[in-house]
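Visitor: I have a structure here, written as structure tokens, and I will follow up with some questions on it.
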Amino acid sequence: MADRGVDLSALPKEVRDQLAELDLELSEGDITQKGYEKKRTKLLAPYIIQAPVPPPQNEVRPPAPSSSSHPPPPSSSSRYRERRSRRTHRNGGTRDDRYRSDIHTEAVQAALAKHKEEKMALPMPTKRRSTYVPSPIETRTPPDSSSGSEDETSVRRQSSGVGPPPLVNPNLQSPESWITRSVQGSSTSSSASSTLSHGEAKPQPQSHPQPQPQYKPQYQPLVFALCALQYVTVCLFLLLLVSTFTLLVGVPVSSRVSTKIQQLLNTLKRPKRPPLSEFFTDDSEEIVEVPQPDPNTPKPEGRQIIPVKGEPLGVVSNWPPALQAALARWGATQGKSPALTALDITGKPLYTLTYGKLWSRSVKLAYTLLNKLGTKNEQILKPGDRVALVYPNSDPGMFWVAFYGCLLAEVIPVPIEVPLSRKDAGISQVGFLLGSCGVGLALTSEICLKGLPKTPTGEILQFKGWPRMKWVITDSKYLTKPSKDWQPHIPTANTDPAYIEYKASKEGTVVGVAVSKVAMLTHCQALTQACNYCEGETLVNVLDFKKDMGLWHGVLTAVMNRIHTISVPYAVMKACPLSWVQRVHIHKARVSLVKCRDLHWAMMAHRDQRDTSLASLRMLIVADGANPWSVSSCDAFLNVFQSHGLKPEVICPCATSPEAMTVAIRRPGVPGAPLPARAILSMGGLSHGVIRVNTEDKNSALTVQDVGHVMPGALMCIVKPDGPPQLCKTDEIGEIIINSRAGGNMYYGLPGLTKNTFEVIPVNANGVPIGEIPFVRSGLLGFVGPGSLIFVVGKIEGLLMVSGRRHNADDLVATALAVEPVKTVYRGRIAVFSVTVFYDERVVIVAEQRPDASEEDSFQWMSRVLQAIDSIHQVGLYCLALVPANTLPKTPLGGIHISDTKQYFLDGNLHPCNILMCPHTCVTNLPKPRQKQPVGVGPASVMVGNLVAGKRIAQAAGRDLGMIEDQDLVRKHQYLTEALQWRAQTDPDHVLYVLLNAKGVTVGTATCVQLHKRAEKIAAALTEKGSINTGENVVLLYPPGIDLIAAFYGCLYAGCVPVNVRPPHPQNLAATLPTVRMIIDVSKAACILTTQNLMRTLRSKEAAASVNIKTWPTIIDTDDLPRRRPPQIYKPPTAEMIAYLDFSVSTTGMLTGVKISHAAVSALCRSIKLQCELYSSRQIAICLDPYCGLGFVLWCLASVYSGHQSILIPPFELESCLSLWLGTLSQYRIRDTFCSYSVMELCTKGLGTQTELLKARGVNLSCVRSCVVIAEERPRLALTHSFSKLFKDVGLSSRAVSTAFGSRVNLAVCLQGTTGPDPCTVYVDMKSLRHDRVRLVERGAPQSLPLMESGKILPGVRVIIVNPETRGPLGDSHLGEIWVNSPHNASGYYTIYGEESLQADHFNTKLSFGDPQTLWARTGYLGFVKRTELLDASGDRHDALFVVGSLDETLELRGLRYHPIDIETSVSRAHRSIAESAVFTWTNLLVVVSELCGSEHDALDLVPLITNVVLEEHHLIVGVVVIVDPGVIPINSRGEKQRMHLRDSFLADQLDPIYVAYNM
């Protein structure tokens, strides 16, 4: 090799670092052997002493054949893969190639081959194109084109399930076919394909699978092509099929999204493995119960286990009375004897600490701690105080001195890891440990102290959760030599704590296990006896010396037996993996302490060393030998190093835990004796907690090696891991518990936890204690095999309990890593844990993805891992996430910090780059879908069926409108035109309207006479310019203002029917102008009244790009009209004539126009006048859009009718001055104001933090008596509450805010007036609501939903709750459709050609029984009526109407009725980055669209959180999660979500989502 003749230790540091990095790359498989040698040669070239350069053929010579039993593979690429798969990332920690097992790999490949036969196409998630493929669409080449021939591509393309492509630009077609191609191929390749080299065509076993059936909707919805970005589904209830057929566009069924959804549906059709558990669904309550046990479940059949006894602990005459006494003895008698050799970063000895030095320094430290830390009279430390030891892994000498110094001073050392930053994984939990142990002082070395993070002033940082710490440096130069007469006090070992070892639990909590002085001494004696340690032996320790085996053997037992310990730090192992083997060889060491990781690394690097010998070893102690997957590492290591003198019988696995300390260790065998047998167990049996030898299916076998016998002087039992500590049967897996003097005593400072772990008394099958001696729980799961050998199959903390079965996290890791090829993830960086979602544990796997892995590779690997785990462990994965390299939280020695990773996952801070959720597969405990019962209709069902729980019929009414006595008033109020003329004559200068601009300045006013005269001018213009006939429709296109009001009355004066339309947005004509055009076309308007600016816009070039501007009807600009009067003012012959048309887009995307008669206008205005007590002397402020519904009525009609003054605030002005509305209320001392939810939200978000500023400006809202939100939806309780709370500081009364409710058939059903009780809030049970039942619960009850009354029912209005299917009245405990009867109901939908019958039943419909005479209008909203304790004006108990949601919007899923807003509320709470969300269904799949307001890195974090919250709170599985940019969810002028538009845009692939996840 290139480095022959080069002294590596003499090289400069940076070259050594680069060489170490290169070795790391080779061991991880990130570089080929050829590339490795090339780079290494290049690095060493300047330092080579001999001239000859290796001949070139050396570079291509294949490496030495691997010592495994397999024949060499055929091709170079597969050999490279084979070699790469044998390597692992050398990051240490707990997850490495100890999981490697050739048998298991074969099993996984076999399982995957089965799946290959049933070809399953998983839909691949969609990422935004910009992040998906960076190159432009035309120049992109299909991914992976090199790996298959053209024929194969075409075959795959044909079989991808998409029909023949339409005739479009082929460049634009190709990405679609690549995606479907990659999806189809994603789950098919198996181990067979991984051995083919690039360039070979893979034969497809099924080249022509049946094309998947395309989803064909039963109907094509009527969709008006409004623009490229928005589809508005229009249901005008017109039969305009002939005239507007050219406008109709269907949802493109073969779009990319639809194809993926179809694939998803196809995969979900496969039967689930576990049978659906049985649940009883009561009408009002779901009873979730444990599934019935499977009769075929294996059960333990053996007899009850008998406690296993270890050999007696021998009594040796010269054993010291305490460990400190042993140190004192060796320090005095064997002072020159080496105690510890530490290595530098290159693996060379740095210093050797003798027993004499160790003793003298420890004494100095003990003296300093007790006498020299405070002032003369003050003793800071007393015996028994706890002290933290903070030393890096690379400095064992300082640690030894500090540890023994503490023992001699009789203070209790608490060794912890060196904190590197505030964000260390688990740093605050270490603070919890220090707090619970009462630590206030930390010992450290000078170098370590310098490296600790500091504040700008140079002080040590205060770490999160840590108590205040005093830092003490223990370097020799800072210690005081004790006076001659001072000697440390060394008492005989007693039960006082000697030291505290930290331990992290499964949840991440760090606790301290206290070990008493006698337990420490007894443990050293037991280890000495079990391992047969002799005085003066040499031991090589690769483990962490601060805790566990590294401390027990390498620091404590070593000193007891005067052993020479060579400590190999982690940093040296990373740079030179073979260093520990070299140390064994050089020092002829007798014992070595290692983990499987170290065995694996040594195998990787052993080709660099031909002449090492391990013949001196009598014990190779494998610290993690209790891990079931250690057996393959031990075998492989023996295989490689047997030729170097390693004897098979020296490999000694052991089992340990912080609480029980050493549980069992295999004693060194006799040369030539047969090695212990292995157990080959059935994984199925293990999952049920029983031992079954695997015979039938070798795919799901687990091979485990024993960990030897119980420790000397110990007694061991196996008990059930959950519930009371009942003894297991002989063929049952349970938790190992130990009784021994050599074990931990307690969790320091945590007596409650201690009792459950350290004071366990096992009971027999009848629950009777078997004795009085307490045992300690070890946290290890295992059983006792033949010959009293102990076998361990896992740890309690790695146990995942899913659907009553146990799975071991390590086993799942091993299966995932056996899925070839592992070029997607780093082998050593994988975390498996479970999260509780919907009454069960769900398995989550998180792994770090290699930077060079492609989307397709990752997705393919993930889908194959799912299949492998499903086949081998019979458990479904809930979530598999891949995160970028080096982003998972690490433990100090490089392993993955599982509990922090889990917390990141649950908090949405994991930032995965790929994620696959499989809730459909693994959630099998959902309640049964509800079967709807047919409802019989008839009078009897009032008594029997429909009123089972209802006490009374659910109906309510407002007070009577009252008779109008005065004939003048009748005349005045019959028509609004007459009311205006009357006001212009009787009170001409009374100001009806004041219009404000953004600065709060009045920019327009209208007195009664001014408004009358302007209306006359417009009426004259209509008759002259527009030559409009009576009864024709005229479109009003105005910004919010007084012009709009004048134009409205102008139309009435001229006898036309005004149609008020929101003007197009000048910056967004393409999206808004087509809607205007459509209303103009549908209403057959004869003329458009507008302003000069808007007229220019309508005729501009920009407008021409969206609509045909040549076919506008007559446009009249009303800005500068001549002073003319119409020949006469029109008076309708009857009040039933249409006054105006009200057009609005509903939340379901339907554009509906309703006819409002003159009688309805008068009745509505009178009703509002009575409810709100409006008179000429009153002032109200309106901040609403005046284009439809109640907003228009309040803006244009109410003032003319009641004579009150309206202050008009256009909502768009708030964008430039947020405080405009609130400032106006304060300035004008307004008592009543009306606004929309959009306005309230704007103020809440924008001014919420500025209440102090508003106060300073003098804003005072104490004058406001009622602030009514005008809406056609369920009251937004959270928003109204926030608004009330925020502005309470500026005087807003908590009782002021209320809501109104209107619908298309009746513009105002409820409106909170000035009199009457306050709106009340109730809490209803959401589970019952899904069954259309109303069950009131207490506030804070689980699954409760707060609902606020939608305002008081208006005078003259009656409502009744009706079953929408049977049309029969319901009781007040039912949810039903709200029907309304009132003089101001709309007359009907606006239709042409006399098609009144089309939706006539919405307006004139009768109950099927009960009161069949009254005519009702159907609002299309679901709600209920509840009688409250409050009294109304007449002294009767008040009936409150609660609106729950629109009937058209409800989602019918699993036979239950869901309201989108409830699911959306849950989703919005799931993560701080979710700005807004919307849900809809598509082919029975629930689709959730969420707007991401954070960075795009957070996008994939939302997928599991959204899935979790919907499953937990609504018992529904989300099918598709779509993450989009803010502002993508369309919202109408009233602030309501347009979910159907969104659905159409999604299916037409027009959303440009950041990410689309298809949940499996």
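Visitor: Past 24 Å, Cα to Cα: identify those pairs from Lys382/Lys470; Lys546/Lys647; Lys39/Lys450; Lys39/Lys890; Lys348/Lys574; Lys1025/Lys1110, in the order given.
Guide: Details: Lys382/Lys470 15 Å; Lys546/Lys647 30 Å; Lys39/Lys450 36 Å; Lys39/Lys890 30 Å; Lys348/Lys574 14 Å; Lys1025/Lys1110 18 Å.
The pairs that break the limit, which is 24 Å between Cα atoms, are Lys546/Lys647; Lys39/Lys450; Lys39/Lys890.
Visitor: If you restrict to DSSP beta bridges whose two residues both lie in the stretch 813-898, what percentage is antiparallel, to the nearest 5?
Guide: Values: 10 of 17 bridges.
So the antiparallel bridges amount to about 60 percent of the total.
Visitor: While we're here: Compute the orientation-averaged projected area for the stretch 1279-1395 from the convex hull of its Cα atoms and round it to one decimal in nm². Before the final figure, lay out each step's value.
Guide: Details: hull surface 42.3 nm².
Mean projected area of the Cα convex hull: 10.6 nm².
Visitor: With both bridge residues required to lie in the stretch 951-1074, what share of the DSSP beta bridges run antiparallel, to the nearest 5%? Could you put the intermediate results ahead of the total?
Guide: Values: 5 of 10 bridges.
For the stretch 951-1074, the DSSP antiparallel bridge percentage is about 50.
Visitor: Pull out the extension gain between His489 and Arg692, defined as 0.36 nm times the separation in residues minus the alpha carbon to alpha carbon distance; nm, one decimal. Mind showing how you got there, number by number?
Guide: On the way: separation 203, 0.36 × 203 = 73.08 nm, distance 5.57 nm.
Difference between extended and current length: 67.5 nm.
Visitor: What FRET efficiency comes out for Ala885 versus Cys1320 if R0 is 41 angstrom and r is the Cβ-Cβ distance? Round to the nearest 0.05.
Guide: Values: r = 57 Å, r/R0 = 1.38.
My answer for the efficiency is 0.15.
Visitor: While we're on this one: Extending each Cα 7 Å along its Cβ direction at Asn997 and Thr1249, get the distance between those two points in nm, one decimal.
Guide: Label at Asn997, label at Thr1249, 3.0 nm between them.
Visitor: Of the listed peptides 587-599, 504-516, what is their order by residue-averaged count of other C-beta atoms within 10 Å, with the highest listed first?
Guide: Numbers: 587-599: 24.8, 504-516: 20.9.
Averaged packing, sorted descending, gives the order 587-599, 504-516.
Visitor: Once you have a ≥ b ≥ c as the square roots of the Cα gyration tensor eigenvalues for the stretch 594-651, tell me rounded if a/c is under 1.5, and otherwise prolate or oblate according to whether a/b is larger than b/c. Numbers along the way, then the final one.
Guide: Numbers: a/c = 2.02, a/b = 1.37, b/c = 1.48.
Here the stretch 594-651 falls in the oblate category.
Visitor: Roughly to the nearest percent, how much of the accessible area of the stretch 1038-1180 is carbon and sulfur, given a 1.4 Å probe? Spell out each step's value before the answer.
Guide: Working: 2850 of 5580 Å².
Summing carbon and sulfur atoms, their accessible area is 51 percent of the total for the stretch 1038-1180.
Visitor: Tally up the carbon and sulfur contribution to the accessible surface of the stretch 583-639 as a whole percent, 1.4 Å probe, everything protein left in place. Write down the numbers at each step before the final one.
Guide: Numbers: 850 of 1660 Å².
Here carbon and sulfur together make up 51 percent of the probe-accessible area.
Visitor: If I model a spin label at Ser421 and Lys34 as a point 7 Å from the Cα along the Cα→Cβ vector, what separation in nanometres do I get?
Guide: About 3.9 nm, to one decimal.
Visitor: If you don't mind, there's one more thing I want to ask. I need the peptides 458-467, 981-990, 849-858 ranked by packing, meaning the mean over residues of other C-beta atoms within 10 angstrom, with the highest value on top.
Guide: On the way: 458-467: 14.0, 981-990: 15.5, 849-858: 17.3.
Result, highest mean Cβ count within 10 Å first: 849-858, 981-990, 458-467.
Visitor: Per residue of the stretch 1125-1137, what does 6.51 cos²θ - 1.76 cosθ + 1.60 with θ = phi - 60° give for ³J(HN,Hα)? Whole Hz please, x for Gly and Pro, Karplus curve as stated.
Guide: 10, x, x, 8, 9, 5, 10, x, x, 9, 6, 7, 5
Visitor: I've got another one for you. Mind running the shape call on the stretch 334-452? Use the C-alpha gyration tensor, a ≥ b ≥ c as the square roots of the eigenvalues: rounded below 1.5 for a/c, prolate if a/b tops b/c, oblate otherwise.
Guide: Details: a/c = 2.18, a/b = 1.11, b/c = 1.96.
Since a/c reaches 1.5 but b/c is at least a/b, the shape of the stretch 334-452 is classed as oblate.
Visitor: Now for a separate question. If R0 is 51 Å, what FRET efficiency do you get for Gln1092 and Glu459 from their C-beta distance, rounded to 0.05? Spell out each step's value before the answer.
Guide: Numbers: r = 70 Å, r/R0 = 1.38.
Calculated value: 0.15.
Visitor: Run the reach check for Lys1288 against lysines, Cα to Cα strictly under 23 Å, same-chain hits fewer than 8 apart removed. What comes back?
Guide: Correct list for Lys1288: Lys1245, Lys1255.
Visitor: Here is a follow-up. Using 0.36 nm per residue, how much length does the chain from Val835 to Arg1295 gain when fully extended, once their Cα-Cα distance is taken away? Walk me through the numbers on the way to the answer.
Guide: On the way: separation 460, 0.36 × 460 = 165.60 nm, distance 4.29 nm.
Fully extending the segment from Val835 to Arg1295 adds 161.3 nm.
Visitor: Go through the stretch 335-437 and name the trypsin sites (Lys or Arg not before Pro) that are in a DSSP coil and have 10 or fewer other Cβ atoms within 10 Å of their Cβ. Can you show the working numbers first?
Guide: Working: sites: Lys336, Lys357, Arg361, Lys364, Lys372, Lys376, Arg386, Arg422, Lys423; in loops: Lys336, Lys372, Lys376, Arg422, Lys423.
Counting only loop positions with at most 10 other Cβ atoms within 10 Å, the trypsin sites (Lys or Arg not before Pro) in the stretch 335-437 are Lys336, Lys376, Lys423.
Visitor: If you rank Arg1418, Arg1543 by how much accessible surface each has, with a 1.4 Å probe, what is the order from largest down?
Guide: Values: Arg1418 30, Arg1543 50 Å².
Descending order: Arg1543, Arg1418.
Visitor: Full extension from Asn532 to Arg1339: what is 0.36 nm times the residue separation minus their Cα-Cα distance, to one decimal in nm? Working shown, then result.
Guide: Values: separation 807, 0.36 × 807 = 290.52 nm, distance 6.78 nm.
That works out to 283.7 nm of additional length.
Visitor: Using only the Cα atoms of the stretch 1134-1229, build the gyration tensor, take square roots of its eigenvalues as a ≥ b ≥ c, and label the shape rounded, prolate or oblate: rounded if a/c is under 1.5, else prolate if a/b is larger than b/c, else oblate. If you can, show how the numbers build up before the last one.
Guide: Numbers: a/c = 3.03, a/b = 1.26, b/c = 2.41.
Note, shape of the stretch 1134-1229 comes out oblate.
Visitor: Assuming R0 = 35 Å, can you tell me the calculated FRET efficiency for the pair Ile380 and Ile773, based on Cβ-Cβ distance, to the nearest 0.05?
Guide: On the way: r = 40 Å, r/R0 = 1.15.
That pair, Ile380 with Ile773, gives E of 0.30.
Visitor: Right, another one. For the stretch 430-449, list residues with backbone N below 18 Å from a point placed 7 Å from the Cα of Arg468 toward its Cβ?
Guide: Residues passing the 18 Å test: 431-432, 434-443.
Visitor: Rank-order 775-781, 475-481, 1102-1108 by packing density, defined as the average count of other C-beta atoms within 10 Å over each peptide's residues, highest first.
Guide: Working: 775-781: 25.1, 475-481: 13.0, 1102-1108: 15.6.
Final packing ranking: 775-781, 1102-1108, 475-481.
Visitor: Please list, in order, the residues from the stretch 1256-1281 whose amide nitrogen is less than 18 Å from a point placed 7 Å along the Cα→Cβ vector of Ser1177.
Guide: Output list for this probe position: 1265.
Visitor: Describe numerically, in nm with one decimal, the distance between label points set 7 Å from Cα along Cα→Cβ at Arg1099 and at Asp852.
Guide: Computed distance between label sites Arg1099 and Asp852 equals 6.7 nm.
The values are calculated or read from the model by the stated rules, or taken from the named source; none is laboratory data. Everything quoted here is computed from the prediction, not taken from an experiment. Please note: Cβ atoms are built from the backbone with ideal geometry, for glycine as well, and neighbour counts cover all protein chains shown. For accessibility, only protein heavy atoms count, side chains too; no ligands or nucleic acids. Shrake-Rupley method; radii C 1.70, N 1.55, O 1.52, S 1.80 Å.
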